[in-house]
1. By how many nm would the segment from THR61 to GLU104 lengthen if fully extended, with 0.36 nm per residue of separation less the alpha-carbon distance?
2. Can you compute the charge dipole magnitude of the chain about its Cα centre, using +1 on each Lys and Arg Cβ and -1 on each Asp and Glu Cβ, nothing else charged? Give it in debye, rounded to the nearest 20.
3. Helix 63-74 versus the longest principal axis of the chain: what angle, 0 to 90°, nearest 10, using Cα atoms?
4. Determine the percent antiparallel among the DSSP beta bridges restricted to region 3-96, to the nearest 5.
5. Report, in whole Å, the centroid distance computed from the Cα atoms of region 68-92 and region 21-67.
6. Could you tell me how many cubic angstrom of Cα convex hull volume the chain has per residue?
7. Let's test the formula: R0 of 30 Å, r as the Cβ-Cβ distance of GLU27 and ASN75. What FRET efficiency results, to the nearest 0.05?
8. For the chain, set up a GNM with springs between Cα atoms under 10 Å and report which of THR61, THR73, THR44 has the largest fluctuation.
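The values are calculated or read from the model by the stated rules, or taken from the named source; none is laboratory data. In this text the structure is predicted, and so the values were computed from the model without any measurement. Note that each Cβ is placed from the backbone with ideal geometry, even for glycine, and that neighbours are counted across all protein chains shown. Accessible surface areas use protein heavy atoms only, side chains included; no ligands, DNA or RNA. Shrake-Rupley method; radii C 1.70, N 1.55, O 1.52, S 1.80 Å.
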Amino acid sequence: MDEESVSVTEIPEGAAIIDVREDDEWEAGHIDGALHVPLGELPTRLDDLPLDDDMYIICRTGGRSHRAVAWLTNNGFDAINVAGGMGSWNLDHGKPIVSENGEEPWVK
């Protein structure tokens, strides 16, 4: 089964966004309102995921989110890969991000 993939401009307003990057990447800069579930924790954090909504999965460039979407869809979730990841979100399209450490947010 091929995964569904969308560009950052195709994510609907208010969509559930799951960020699968590591803690330090999340702290440096992430999408406000996204849910942070590092890729390695995904199998143990299924109860944290929205069951009734499509989930848009994002990482830095798309590799980890691709793996997360493949795993999630194989396990019955509606997951969509965000092509280009945070690099596309912030660096290419200038969409806003926030940080957890009080510093200027950036994509790590």
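1. Details: separation 43, 0.36 × 43 = 15.48 nm, distance 2.04 nm.
Full extension from THR61 to GLU104 adds 13.4 nm.
2. Working: 7 positive and 23 negative charges, 70 e Å.
Magnitude of the dipole: close to 340 debye.
3. 30
4. Working: 0 of 11 bridges.
Given both bridge residues lie in region 3-96, the antiparallel proportion sits at roughly 0 percent.
5. 8
6. Numbers: hull volume 10.0 nm³, N = 108.
Each residue corresponds to 92 Å³ of Cα convex hull volume.
7. Numbers: r = 28 Å, r/R0 = 0.93.
Using R0 = 30 Å, I get an efficiency of 0.60.
8. THR44
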